[in-house]
Amino acid sequence: MRVLQFEFSGLRLALRRKKLALCLIAGAGFFAGVTAAASDIAIQKTVSDATLAPGAAVDFTITVHNLGPFVANTVKVIEWLPSELVIPPGVAPFMSHGDYEVATGLWVIDQLAVGESAVLVVPAQAVADPLPQCVVNEAIVSPYPDDPDPYNDRASVAVHAPGVDRCVDLSIAQTSFMLAEPYCANSTRVLMTLSVTNYGPDPARQVRVDVADAPDVVPGLVFDDPLCTVSGTTTCILAELAAGESVLLSLRSQQFRNSDGREVTVTATVTSPDPETGLGDGQSIQSWYVPAFGDCTYDLGSSGGSSCFIATAAYGSPLHPHVASLRRFRDRHLLTHAAGRRLVDLYYRYSPPAADFIAERPALRAVVRTMLWPVVFLVESPLLAVVSICVFAAGWWGAVRVRRIRRAVGWRMVQRHAARPFGRCLPDGTERGR
């Protein structure tokens, strides 16, 4: 009886643990289902008059769209007027949905059906005198869980001072830095790409891009791109860059040798004679590792490059957010130590043929995306991934424990004694009530 009581206690404990694990698994599954079923929230912004004099008033109109495929709940938008503008006395903002707090600039939309739009109109008056050449007002959708397109979660407009006909917002990023084939050679050249973006709101004219590297490890790094009106130097001139347009510019170095691995720091800047809003990052400074030649090298691309061959083939674009996440993980965690660099080296030696095979087969691309999902999940949400692994491990342990106890204790004995409260066993084998 004592053995039976011990087994019953273990069984009840295991069953409780199993129920807890199942509840945790169900909760995790529900959370994953809710986050996966997120809608694409897009935002647009306009202004009633782009020219603003001191004391004049304008209306900013913010429109939030739910592009589907699910109902969006509790959408939060930050609409905060810049310091040069205030809401005129006696005038209140208008909103078609939700509530807008002037003090915090927070607009909360309780619910948006698929295809539905919400509108917020904020009146503003210029109080700065004199006004800057450009005053930018930006509206941002607060990070919405698993929004499939986070790039349409921001919208901005600019008002110009009298006499200013346009405002631009230029940004630059270093997107890849790789060694040209052959990968295993005594000498080779560097191929590099830069991403230049004009976030607007107006087209930028005579955009100038400059690049410099130090120390002098990579000789003759110059622009080699047909988009440049001036090429073959460390300066590239773009005649015009439309609002919202982004271009990739290619650079290449001279053929050179390198006997020791070393780092090179590349500085890239973008400027324009048009007034800048100051929101974008017009300078990019980044360090790259140049390995010793004679050993197989690897692509050292960062966000936006095309170096993650299999991921790029699976997701269809090197600019996909998941591909960018994998590149960041590589640059920040794998390329910082010898073992990681060796792993990346092997990947870039064998993955290009597989990527070409995958890219030509849509069904296989879908399979590879499914296989990459756990890796992407771990890279983008490590804490949530660890919690999920622990939850599933607890559920698996509980299931194994219950199976072992079922084998040790016959279910007939369980049914016979489960209805009675457990007592303490006396020496003669009988039970004494509690």
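The values are calculated or read from the model by the stated rules, or taken from the named source; none is laboratory data. Please read all numbers here as calculations on a predicted model, not as lab measurements. FYI the Cβ positions are ideal-geometry reconstructions off the backbone, even for glycines, and counts take in every protein chain you see.
For this structure, a couple of remarks:
- Looking only at the stretch 254-279, and only at residues there that are at pLDDT 90 or above and small (Gly, Ala, Ser), the one that is nearest to Ile172 (Cα to Cα): Ala268
- Any hit, the stretch 45-68, residues being surrounded by fewer than 15 Cβ atoms within 10 Å (Cβ to Cβ), outside any loop (DSSP other than H, G, I, E, B) and at pLDDT 90 or above: yes
- Against the test of being modelled with pLDDT of 90 or more, out of contact with any Gly (no Cβ under 9 Å at 6 or more places or on another chain) and over 25 Å from Pro82 (Cβ atoms), the options Leu179, Leu106, Leu194 yield a single qualifying residue, Leu194.
- Residue match in the stretch 123-139 (condition: surrounded by fewer than 17 Cβ atoms within 10 Å (Cβ to Cβ) and under 31 Å from the mean Cα position of the chain (by Cα)): no
- Just one of the listed residues (Val209, Val247) is of a type in the set (Val, Ile, Thr), within 17 Å of Asp281 (Cα to Cα), in contact (Cβ under 8 Å) with a residue 12 or more places away in the chain and crowded, with 21+ Cβ neighbours inside 10 Å, namely Val209.
- Conditions (1) in a loop (DSSP other than H, G, I, E, B); (2) within 30 Å of the chain's Cα centre (by Cα); (3) modelled with pLDDT of 85 or more: number failed by Gly244: (3)
- Test result for Arg369, surrounded by fewer than 21 Cβ atoms within 10 Å (Cβ to Cβ), basic (Lys, Arg), at pLDDT 75 or above and within 18 Å of the chain's Cα centre (by Cα): yes
- When Gly200 is tested against (1) small (Gly, Ala, Ser); (2) within 26 Å of the chain's Cα centre (by Cα); (3) within 15 Å of Met178 (Cα to Cα), just one condition goes unmet, and that condition is (3).
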